[in-house]
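Participant: Next up is a structure, given as C-alpha cells.
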Amino acid sequence: MLVNELKNKLDEIGVSQDLYSIMTGGLPNERLCIVQEEMWQVYYSERGKKVGQKFFKTEEEACEYFYEKLKRYSTI
C-alpha cells in the first residue's frame, strides 16, 4: 500500500484521525507519524520528541508497518 491509499484504509476500519499524522512532518502532539525525509520514517510524537522511530527503505514497508500499528485502534 502507498501513502495515498493509507488514509482510506484507516478510515475504512474506523481509526480516529486524532491518532495519526500522515506526511505532515513535525511533531504533532501524541500521534503516530509517517514521513519521508532521507528515508521513510514512522515514529510516535510525544512531548516534542520522536519516540520509537523506525526507518524504512520503501514507502510500501513504512505504510504496512504504520497500518498494522494503528489497526488495533479500529472500531470494528
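Laboratory data are not the source of any read-out in this text; all were calculated from the coordinates shown. Note that the coordinates shown come from a computational prediction; the quantities given were computed from them, not determined experimentally. Quick reminder, even Gly has a Cβ in these numbers, built from the backbone with ideal geometry, and neighbours come from all protein chains shown.
Participant: Setting aside same-chain residues fewer than 8 positions from residue 54, which aspartates and glutamates have a Cα under 14 Å from its Cα?
Facilitator: 37, 38, 64, 68
Participant: Something else now. To the nearest 20 debye, what is the magnitude of the charge dipole of segment 3-71 about its Cα centre, counting +1 on the Cβ of each Lys and Arg and -1 on the Cβ of each Asp and Glu?
Facilitator: Result for segment 3-71 is approximately 300 debye, rounded to the nearest 20.
Participant: Spin-label point model (7 Å from Cα, Cβ direction): what's the residue 19 to residue 68 distance in nm?
Facilitator: 1.6
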